[in-house]
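Input: a single structure, listed below in structure tokens.
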Amino acid sequence: MERILIIGCSGQIGSELTLALRKVYGNEHVFATDIKQPATDITESGPFQILNVLDYDALLNFVQKNNITQVYNLAAILSGNAEKNPLGSWDINMKALMNTLEVARLTNAKRLFWPSSIAVFGPTTPRNNTPQLCVMEPNTVYGISKLAGERWGEYYFNKYGVDFRSVRYPGLISYKTEAGGGTTDYAVEIYYEAIRNKSYKCFLKEDSALPMMFMEDAINATIKLMQVDSENLSLRSSYNVGGMSFTPKQVAEAIKKYIPEFTITYEPDFRQAIADSWPASIDDSVARNDWGLNDKYNIDSMTKVMLKEIAKKLQ
Ligand code: NAD
Ligand code: AKB
């Protein structure tokens with residue numbers, strides 16, 4: 001029986017992934033941790049402990065004491081926030097990964113999920129239908145840390161047999177927990193503001209296309225990758241995951257189908273340069289062929305769920 005540690009259970013992904021994993025593996029086998037208190041559905045459904053992934057001894061001790069076999073490490077500073085404190089964010093992002101790689105090397109917690117991002121690509125990367133393997137020259141501190149992290153993950157697999165698995169998530173869109181300081185956050189905020197105020201001031205330009213994915217599809221992909229047999233995996237760096245691709249204008253149009261009076265204005269800030277350096281769409285055929293990545297949401301089906309669930313939540 002797997003015994004699973006989630007690091008970063010209180011964040012946008014962790015708050016949903018923890019509950020999904022508890023459904024699959026049983027509540028008592030999924031140990032949720034964070035430096036921040038999570039929502040009560042996590043504390044009431046299974047074990048939770050405050051744990052700082054940067055504290056190597058505490059992490060090692062937790063993994064050994066609880067006989068952990070798999071780790072999902074979600075702790076990171078995302079692209080927008082990382083640009084405000086480049087060196088501090090580099091230290092956190094790299095130390096958070098290296099501590100879990102080392103613990104995986106030394107314990108039975110051999111299978112490690114660590115998310116990379118479309119931020120590994122840069123301005124010299126082909127922008128449309130970005131291939132799995134191509135020029136990668138990220139120019140953000142977050143993207144540089146993700147690319148370095150992918151290389152370290154593959155290195156620990158080849159050198160020490162750590163079962164490192166990773167996807168390059170696109171921007172993730174969800175209604176449960178608000179987004180954590182990234183460039184794609186506008187595509188979450190816009191739904192909240194559509195319900196609250198029927199208007200939104202967007203920090204990206206109207207035609208700024210980026211790859212995005214609804215959280216349900218991202219969670220399913222993550223669990224699928226972690227369950228597939230090792231021999232199916234041709235890559236030990238990180239798999240491209242594309243989802244859908246849209247602009248702020250397109251998501252505003254999708255919202256207007258449900259809220260005709262919704263209006264959007266555009267005031268690009270420092271995050272525009274980050275978005276401009278990232279792909280507009282992603283070729284994820286390697287993930288589809290290797291381990292059966294498939295997603296079911298498009299912009300319209302996602303918009304319907306987002307508006308309904310956020311309206312319920314804000315009532
Ligand atoms: P988030 O900021 O919402 O959540 C991260 C969580 O990690 C937070 O709850 C935070 O308290 C916790 N954390 C931070 N420092 C910690 C520490 N030292 N010890 C323990 N916990 C700590 O981020 P998210 O959106 O859930 O992203 C999770 C991972 O997925 C990150 O690696 C991120 O780069 C990656 N990712 C996210 C997206 C996205 O759109 N959400 C896209 C691509 C990649
Ligand atoms: C961000 O915008 O920083 C994240 C990501 C795509 O990695 N959502």
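Just so you know, all these numbers are worked out from the coordinates, no wet-lab data involved. None of these values were measured; they are calculated from a predicted model. As a convention, Cβ positions derive from the backbone with ideal geometry for all residues, glycine included, and neighbour counts pool all protein chains shown.
For the stretch 52-80 versus the stretch 86-157, the inter-centroid distance based on Cα atoms is 16 Å. Cross-link partners for Lys146 among the lysines, with Cα-Cα distance under 16 Å and sequence neighbours closer than 8 places in the same chain left out: Lys95. What percent of all Cα-Cα pairs in the stretch 1-123 falls in each 10 Å bin, counting up from 0? Values per bin, smallest distances first: 13, 46, 32, 9, 0. Restricting the calculation to alpha carbons of the stretch 169-315 gives Rg and Dmax of 16.0, 52 angstrom.
Per-residue ellipticity at 222 nm, computed for the chain from helices alone with -39500 (n - 2.57) per DSSP H run of at least four residues, works out to -13500 deg cm²/dmol. Looking at the chain, the pairs of alpha carbons with a distance over 27 Å make up 40% of the total.
The calculated FRET efficiency for Glu309 paired with Arg151, based on their beta-carbon distance and R0 = 51 Å, is about 0.85. Convert 20 °C to kelvin, take the viscosity as 1.002 mPa s, use the Kirkwood radius over C-alpha pairs of the stretch 62-122 as Rh, and evaluate the Stokes-Einstein diffusion coefficient in µm²/s, rounded to a whole number. In µm²/s, the coefficient is 168. Maximal additional length on extending the Thr43-Asp91 stretch stands at 14.4 nm, based on 0.36 nm per residue less the C-alpha distance. The alpha-carbon of Lys65 sits under 17 angstrom from the alpha-carbons of these lysines, leaving out residues fewer than 8 places away in its chain: Lys110.
Spacing of the modelled spin labels on Asn52 and Lys256, each 7 Å from Cα toward Cβ, amounts to 4.9 nm.
Relative to one another, the C-alpha centroids of the stretch 248-315 and the stretch 178-231 are positioned 6 Å apart. One chain, two ends: Asn232 and Asp300. Fully extended at 0.36 nm per residue, the span grows by 21.2 nm beyond their Cα-Cα distance. Between 0 and 90 degrees, rounded to the nearest ten: what's the tilt of helix 56-65 against the longest Cα principal axis of the chain? Its long axis makes an angle of about 70 degrees.
Here is the list for the stretch 212-292: GluC sites (Glu not before Pro) lying in DSSP coil, each with at most 10 other C-beta atoms within 10 angstrom of its C-beta, are Glu261.
When you filter the trypsin sites (Lys or Arg not before Pro) in the stretch 284-315 for DSSP loop state and at most 14 other Cβ atoms inside 10 Å of their Cβ, you are left with Lys296. Distance from a point 7 Å along Cα→Cβ of Glu2 to each backbone N in the stretch 61-94: keep the residues under 14 Å and list them by number. Within reach of a label on Glu2: 68-73.
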